[in-house]
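Okay, structure first, notes after.
Every read-out reported here was derived from the displayed coordinates using simple, explicitly stated rules and does not represent laboratory data. Computed from a predicted model, the values in this text were never measured in an experiment. Here the Cβ positions follow ideal geometry from the backbone for every residue, glycine too, while neighbour counts run over all protein chains shown.
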Amino acid sequence: MNPATALATVLVDEFLRCGMTDVVLAPGSRSAPLALALYHAEQAGRVRLHVRVDERSASFLALGMAKRSARPVALICTSGTAAANFHPAVIEAHESGVPLIVLTADRPPELRDTGANQTVDQVKLYGTAARWSTEIGVPENRPGMVAYWRSLVSRAWGLAQAPVAGPVHLNAAFREPLIPDGDESWCEPLDGDATGAWTKIRAATPGSVLHVPPTRRGVLVVGDGAANVKRYVAAASMAGWPVLAEPNGNARYGDHALSAHHFLLGVPEFVERHRPEVVVTIGKPGLSRPLLSLLRRAEEHIVLSPDLSRWPDPVRSATQVAQDIEIPVVSGDDAWLKSWRAADLAAASAVDEVLDAHPEVTEPRLARDLVAGLPGGSLLFTAASMPIRDLDQVMRPRRGIRVMANRGASGIDGLVSTAMGAALVHSGRSYALLGDLSFLHDQNGLILGPEERRPDLALVVVNNAGGGIFSLLPQAALRGPFERVFGTPHQVDLEAVAAAHRLPYKRLEAAADLPKALVGEGLRMIEARTDREGNAVLHGEMRQAAHHAVRGLLAS
């Protein structure tokens, strides 16, 4: 099956699984894959297809159907001015709250801006009149495409109706051939879930709650930006579920919170024996690839999102999205939780042994010891790249601190200023764990006028002379260009930078000296010098020790 046919087949099938009953089509060449998929669906009795030769007439026909039925109706056309002729109806749908799904066929990127026939800029063509607009991208015959396409359709279906009904726009680029070519092979099954839509969106009405299936074999995942954390952590604890919380999810506390899940989920034997029946996600997870793999394999993955116009699903595995949930208490033994906790303890202990064997300053030990030693009521702001990942791997459960990071877009910019702003309004002591590049990127944040308030903030800067996270990525194998274009070493004297801004400065000489280095008040800097290559080796030792400990436990 060629990519154009595969994409069209999946898009149409998923819309019908979501519950679509009517589709309006204005014929054209580039939209042929969609037209053929719809024709076959109509022949199978799955949809009512309405064909109109005039795009403007077609669009208002769909508008009327959606307005009267209060259900999304799809509107499809070819590329070029055909899509522009939908605009008045899209505007009317926007202003009157009509759930219209506009699916425009388009030329592939290589034909755009070349003078190619019937090619115009269709990306976000309807501007602010569309509730949501996305470019699907040219289909490719590679694994993961079907999950992407189906979750995209589910999102479009949900956003056309909630929180306020209106039009959404999907722009689909097709390369030739545009009709089936007789080759039925594809790298993965094109079928969806026989039970219905890929992702079911549960809009809450007053007093309504999605009830999670009762099970002891559940897992709660807490990511960045999670709301009502204490409520859901308490519910998961009552249900006997382990809590896998990223540091900035601020749920890593109590007996049910794990600290070494990054390592546990990297052991295939452990994963095979600990397949959860349901995973509930609050907030946006994204620090650990093994954790994302757990979400990808989850049979039932419920995403809790107060805003149904946006919900976090980075691996497109969500089976249901809800604004509120209830995790039921289930009777039974606690063997499930005990098994997770035993493996977590084994992995964490093995990692601690590796870290404690290094008396010099290392990045993961610094992260572990810093968060463990902060006084109650403290705020810890961390850089969004390596420091937050170190915390995710080594932070032991504890109460009484608040961890923050700019993980919305995970950028390097503005981190000094963000930390200072948070510290100015925080009622307790404040600390920041930054890399050298993120610190230097925003050193202008230290420029303060004589009458400006200065926060009580200790800036702990890990100086590994460049971009440390790249040493843990595949780019590190490219020995020739690595330092120049990834490592990006610098020769900045951080003590001189501190002096230029009249900041008290300390150099952390040994790991055990951290408590003494943190003593002080006001805005100040602690520099911790580390080695990027040595850091990569140490992370490998941590992983190997943790995996060995978990496998030993499983064998016993």
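Odds and ends about this structure:
- Dipole of the stretch 198-257, positive direction: furthest Cα of V222, A251, A234, with charges on the beta-carbon: A234
- Above 20 Å, the calculated P(r) of the stretch 376-478 contains 41 percent of its Cα-Cα pairs.
- Only DSSP H runs of four or more residues enter the estimate; each adds -39500 (n - 2.57), and after division by the residues of the chain the mean residue ellipticity at 222 nm equals -11000 deg cm²/dmol.
- Each Lys and Arg adds +1 at its Cβ and each Asp and Glu adds -1 at its Cβ; summed about the Cα centre, the stretch 363-529 shows a dipole of about 500 debye.
- When the Cα positions of G137, P285, Q544 are compared along the charge dipole of the chain, P285 comes out farthest toward the positive end, with charges on each C-beta of Lys, Arg, Asp and Glu.
- Evaluated at q = 0.14, 0.26 Å⁻¹, the base-10 log of the normalised Debye intensity for the stretch 422-484, with identical point scatterers placed on the Cα atoms, takes the values -0.57, -1.16.
- Relative contact order [Cα under 8 Å, 6+ residues apart], the stretch 461-556, whole percent: 33 percent
- Label-point separation in nm, E95 to D191, each point 7 Å along Cα→Cβ: 4.7 nm
- Per-residue HN-Hα couplings for the stretch 263-276 [Karplus 6.51, -1.76, 1.60; θ = phi - 60°; Hz; x = Gly/Pro]: 7, 4, 6, x, 9, x, 5, 5, 4, 5, 7, 10, 7, x
- Relative contact order of the chain, defined on C-alpha pairs under 8 angstrom at six or more residues apart (%): 11 percent
- Dividing the C-alpha radius of gyration of the stretch 3-176 by 2.2 N^0.38 Å, with N its residue count, gives 0.93.
- The stretch 210-332: Cα Rg divided by the 2.2 N^0.38 Å rule of thumb: 0.95
- In degrees, nearest ten, helix 145-159 long axis to first principal axis of the chain (Cα): 80 degrees
- Think of the stretch 363-529 as having a plus end and a minus end, set by charges on the Cβ of Lys, Arg, Asp and Glu; of F482, P397, A511, P397 sits farthest toward the positive end of this dipole.
- For K124, the lysines whose Cα comes closer than 29 Å to its Cα, not counting residues fewer than 8 places off in the same chain, are K67, K200, K284.
- Against the chain, whose longest principal axis comes from its Cα atoms, helix 55-69 is set at around 70 degrees.
- Summarised as an ellipsoid, the stretch 114-240 has semi-axes of 37, 22, 13 Å, derived from the eigenvalues of the Cα gyration tensor scaled by 5 and square-rooted, with the largest first.
- For the chain, size of Cβ-based charge dipole, Lys and Arg +1, Asp and Glu -1, in debye: 1060 debye
- Relative contact order of the stretch 1-116, defined on C-alpha pairs under 8 angstrom at six or more residues apart (%): 27 percent
- Among M1, M238, M542, a tally of other beta-carbon atoms within 10 Å of each Cβ gives an order, fewest to most, of M238, M1, M542.
- Ranked by how many other beta carbons lie within 10 Å on average, peptides 46-57, 279-290, 209-220 from highest: 279-290, 209-220, 46-57
- Per-residue 3J(HN,Hα) values for the stretch 370-375, derived from phi via the Karplus relation 6.51 cos²θ - 1.76 cosθ + 1.60 with θ = phi - 60°, read 5, 5, 6, x, 5, x Hz in sequence order (x marks Gly and Pro).
- Inter-label distance for A510 and A44, nm, one decimal - labels placed 7 Å from Cα along Cα-to-Cβ: 7.1 nm
- Calculated over the stretch 355-418: convex hull of Cα atoms, volume per residue (Å³): 98 Å³
- Positive minus negative residues near F439 (Lys, Arg vs Asp, Glu; Cβ under 12 Å): -4
- Distance from the alpha carbon centroid of the stretch 51-106 to that of the stretch 528-556 works out to 56 angstrom.
- Charge dipole (debye, nearest 20) of the stretch 3-176; +1 at Cβ of Lys and Arg, -1 at Cβ of Asp and Glu: 420 debye
- Pairwise label distance in nanometres, E299 with L111, each label 7 Å out on the Cα-Cβ vector: 4.5 nm
- Pairwise inverse Cα distances across the chain, averaged and inverted, put the Kirkwood hydrodynamic radius at 26.2 Å.
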